Amino acid sequence: TISQQILKNLYFTQEKKLERKFAEVFGAFALERLCTKEEIFALYVNTIYFGSGCYGVAEAAEGYFKTDAASLTDAQAVVLAGLPQAPSVYASSPALAHKRARVVLQRMVDCHKLTQDAAAQLSAETDVIPFITRSIA
């Protein structure tokens, strides 16, 4: 779950041990009792890795689009939404980032969060927005 991923990223190592998994599960239950789904999602997007040294949506917005998170366009947000699946792959290639954005949009259509027409419009926008590739020193 997202709650488990938050705990793993913030408090645990990536080492695959049964003890860690149990701790994640019980921690996730506690987190879900204390926070709303919206709060958990906000914590998640503000801590995950977006590639090129960017952790969290604010750093990603600044790093890739030279803007703050509150000023992201819908098209920019869609591009960022696709990066965490494989940050090192998508962040290094605007073409792959834009291709991944189309996958995100189609998934949103499949989940009835966007119409096909709205997704097509956003897809056209994502294909032309400038995407800054960054190298981390």
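The values are calculated or read from the model by the stated rules, or taken from the named source; none is laboratory data. This is a predicted model, so every value here is computed, not measured. For neighbour counting, all protein chains shown are included, and Cβ atoms are generated from backbone atoms with ideal geometry for every residue, glycine included. Quick note on the areas: whole protein, heavy atoms, side chains included, nothing else; ligands and nucleic acids left out. Shrake-Rupley method; radii C 1.70, N 1.55, O 1.52, S 1.80 Å.
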Q: Order these peptides, 66-73, 15-22, 53-60, by their mean beta-carbon neighbour count within 10 angstrom, highest first.
A: 53-60, 66-73, 15-22
Q: Grab the other residues whose beta carbon is less than 14 angstrom from that of residue 114, score K and R as +1, D and E as -1, and report the net.
A: -1
**Q.** Highest-fluctuation residue, 85, 76, 14 considered, GNM on the chain with Cα pairs under 10 Å
**A.** 14
Q: Give the angle, between 0 and 90 degrees and rounded to the nearest 10, that separates the Cα long axis of helix 116-126 from the longest principal axis of the Cα atoms of the chain.
A: 80 degrees
Q | Whether segment 1-49 is rounded, prolate or oblate, judged on the alpha carbon gyration tensor where a/c under 1.5 counts as rounded | A | oblate
Q.
Let me make sure I get this right: for the chain, a, b and c are the square roots of the gyration tensor eigenvalues over alpha carbons, sorted descending. Under 1.5 in a/c it's rounded, otherwise prolate if a/b > b/c, else oblate. Which is it?
A. prolate
Q | Kirkwood-Stokes translational diffusion coefficient of segment 42-83, alpha-carbon pairs, 4 °C, 1.567 mPa s, µm²/s | A | 131 µm²/s
Q | Residues of type lysines that residue 8 reaches as a straight line, Cα spacing below 27 Å, ignoring anything fewer than 8 places off in the same chain | A | 16, 17, 21, 37
Q. Can you pull the percent of segment 46-108's accessible area that's carbon plus sulfur, 1.4 Å probe, other chains left in place?
A. 56 percent
Q.
How much accessible area per residue does segment 21-137 have, counting only protein heavy atoms and a probe of 1.4 Å, in square angstrom?
A. 59 Å²
